[in-house]
Every structure is written in structure tokens, then in C-alpha cells.
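Report on the structure given below.
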Amino acid sequence: MDKNEFLPCWPEGWFNDFVRHIRSEHLSVHPETGILYGKLARILNISKKNIVLTAGSDGAIRSAFDVFVQPGDEVVMLSPTFAMYYIYAQIYGAKIVEVHYDGKLHLESADIIKSLNRKTKLVAIANPNSPTGTVIKEKNLLKIIEKASRSGATVLVDEAYYPFYKNSMIDFIDKFDNLIITRTFSKAAGLAGMRVGFAASNRKIAKLLLSVKPMYEITTLSTYLAEYILDHYNRIFEYAARTRHGKEYLANFFTSKGYEVFRGFANFLHVNFGRRKKEITGYLKRHNVLFKQGFAHPALRRFSRFTVGPEESIKPFIEIFNGFDKRHKK
């Protein structure tokens, strides 16, 4: 429950159905991505020329840095946020400009706008954000994109947690000269191990992103798996809906125990165990429950984070946690 992956593993029926169609050439030949580009374009209702396949959304993010960031440029990002934004900014010699969440996990979008100037070249916004699970509403994102355009900066909106949060900015890619949307197949599609993602933007930016892509964007097997997912695209939304239900199930369990819960909009939630944190987290670790804690940022320091999935995937954890309560009462 620590890496915000698909919980549990793929259903056996999906996996067996896919395996029946694997052929040896899926392992031995170079990838042909044309069919995947076409399927993705039809589902997103955009042109293939607006899309760039990448090795996870991480690959799309790095391509954006490749194209738009030079040493000394400023990169604006939320804090805390996805760690790779910081790493790429450092790799490319950029100055990091952080806009911080407060102790209530609130962030003013107006502060992002105030941070933009002629030195800003990239604004990286994960929406929902990780690790906070918070979102910036569409009307505020539009204000940020408009101001960034006037400043000569590109805005990357990272939608890795779509469709756990169903609002998207993808319909705006042709309405702005500076907007990139990135998504991944790693979360709701359950392909974290196959590294499939993409960037969507206007044709000018998409062409720039293609100019820095590796020879082959993803593997042959990854291509075939992504096609399989798109052929059963409704499953992504079904899983997201079941995960939202599972999150409510787990959140209600924790609140019934008297713990503070921050639900957020992604496939994870945060729990404040208060004075019992050390005792509880130690117990969970001894029972091989993997989860995220030890956040350095003050906004999250009091929390432990748990990846969620459908209700049936949460029940084994609840049984373990109830074991702590029984032991404590004794």
C-alpha cells in the first residue's frame, strides 16, 4: 500500500485473456506503435499528431524538461509534489521555485501566478498532486496557463491519477500554445511494470517532444498490453469507481477509530495516528504492511499514506489493523 499501484493484481480473467494472445514476436521484434497511436487518438478524441507515447508519464515529463528547460531557467512546482520534478530540475540546472501547501493542505493558486515571470520556462502541476492528493480546479488552472503563456512559460499538467479524479484539461490542448497533458497506464490501468504513458499537446509542442524521444518509445509487449487496455477501456473507469468506494470504506474505518483522515482525489489517503503513530506503524511493519510515512514537508509530516483499491483489496488490511486494537485492549 506504499506506491499507489493497482490493487490487487490484475484479475485472473484479464490476465489469462491477454496471455492467450501473446505471440513470440511480441518478444523478439521491435515495437510498431501505429495502431496504439490510432486507438489512443480515437479514445481521447484528438489527432494522433497531438500524442507522444512515452515510458510512463515520467518519460513525458523528462521530454518536457528536454525541450523547454535550460540551465538557469526557473521551474515552478508545488511543494511537496512528485519527486521527479525536483530531480529533473536539478539535472537540467534549473532554479526551483516552490509554492507551498499550508498545514491544512491548502495552496493558493494565486501564489502560483505570482511566481511566474520571464525567467519561468516550465510550470509542473500534478493534478491530483502526489503526495498530497489535492487538486487545482479548472478555472484556476486556466488562469495559471493564461498567465504562463504571457510570460513565455509552458505548463505541464500531470494527470497520472486520471480517472480516479475525472476532471481533465485535455480538451484545452489546442486552445493554448503552452499546455502539455501527461498521463500514465501505471495507475488505474494496472500497467506500472510495463512503463506506458503519453503526452498530449498542440501539434507544435508534440512535434518538439517527438524530436527528443528515444528510437523506440516503449516496448513491443508494452505496446500490445496498452492496446489491450484500450480495447477494454471501460475497465479503467470501473476500477476507478470501485477504488473510490474502497477509499470511502477505509476512510470510514479510520474515522470510526477516531483518527484524522485526509481523503484527497487520488488512489490513496492520509491518516494521522496522533500519539499512537509510532506504535501503530511499528505494528503494521511487523505484519509486512507496506505504506508511506516519514514525509519531510510540514504539511504532511503528521500523516501516514495508504494506497487504496476496491473494498475487497482493503479487507485484509483492516483485519490486520483490528489485530492491533485487540492486542492494545489486552
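The values are calculated or read from the model by the stated rules, or taken from the named source; none is laboratory data. Nothing here was measured: the structure is a model prediction, and the numbers come from that model. Note: ideal-geometry Cβ built from the backbone for every residue, glycine included; neighbour counts use all protein chains shown.
From the set of residues in the stretch 147-159 that are buried (at least 19 other Cβ atoms within 10 Å of the Cβ) and outside any helix (DSSP H, G or I), which is farthest from the chain's Cα centre (by Cα)?
Selected residue: 153.
To keep it simple, each residue is scored yes or no on (1) of a type outside the set (A, V, I, L, M); (2) assigned to a helix (DSSP H, G or I); (3) touching a His at 6+ places or on another chain (Cβ under 7 Å).
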{"residue": "193", "(1), (2), (3)": "yes, yes, no"}
{"residue": "204", "(1), (2), (3)": "yes, yes, no"}
{"residue": "209", "(1), (2), (3)": "no, yes, no"}
{"residue": "215", "(1), (2), (3)": "no, no, no"}
{"residue": "238", "(1), (2), (3)": "yes, yes, no"}
{"residue": "276", "(1), (2), (3)": "yes, yes, no"}
{"residue": "283", "(1), (2), (3)": "yes, yes, no"}
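I'm trying to understand the selection: among the residues of the stretch 303-328, which are among the basic types (Lys, Arg), closer than 17 Å to residue 281 by Cα and either free of Cβ contacts under 8 Å to residues at least 40 places away in the same chain or loosely packed, with under 12 Cβ neighbours inside 10 Å (or both)?
Selection gives 326, 327.
Considering only residues that are in contact with a His (Cβ under 9 Å, 6 or more places away or on another chain) and under 27 Å from residue 272 (Cα atoms), which ones fall in the stretch 103-160?
Once the filter is applied, which keeps residues that are in contact with a His (Cβ under 9 Å, 6 or more places away or on another chain) and under 27 Å from residue 272 (Cα atoms), the stretch 103-160 yields 105, 107, 131, 132, 133, 134.
Suppose the filter is surrounded by 17 or more Cβ atoms within 10 Å (Cβ to Cβ), touching a strand residue (DSSP E or B) at 6+ places or on another chain (Cβ under 6 Å), at pLDDT 95 or above and over 13 Å from residue 180 (Cβ atoms); does residue 75 pass it?
In short, yes.
Check 239, 233, 224, 228 and return the single one that is under 28 Å from residue 171 (Cα atoms), out of contact with any helix residue (DSSP H, G or I) (no Cβ under 8 Å at 6 or more places or on another chain) and touching a residue at least 12 places away in the same chain (Cβ under 8 Å).
239
Can you name the number of the only condition in (1) part of a helix (DSSP H, G or I); (2) surrounded by fewer than 21 Cβ atoms within 10 Å (Cβ to Cβ) that residue 144 fails?
(2)
Is the stretch 50-63 home to any residue that is assigned by TED's automatic domain parsing to the domain that holds residue 151 and surrounded by fewer than 18 Cβ atoms within 10 Å (Cβ to Cβ)?
no
For residue 271, work out the one condition from (1) assigned to a loop (DSSP other than H, G, I, E, B); (2) more than 19 Å from the chain's Cα centre (by Cα); (3) of a type in the set (A, V, I, L, M, F, W, C) it doesn't fulfil.
All conditions pass for residue 271, except number (1).
Okay, residues lined up against (1) outside the structural domain of residue 29 (by TED's automatic domain parsing); (2) over 22 Å from the mean Cα position of the chain (by Cα); (3) not polar (S, T, N, Q):
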position	(1), (2), (3)
216	no, yes, yes
222	no, no, no
226	no, no, yes
229	no, no, yes
244	yes, no, yes
252	yes, yes, no
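Within the stretch 204-212, is even one residue closer than 16 Å to residue 19 by Cα, of a type in the set (Val, Ile, Thr) and surrounded by fewer than 21 Cβ atoms within 10 Å (Cβ to Cβ)?
no
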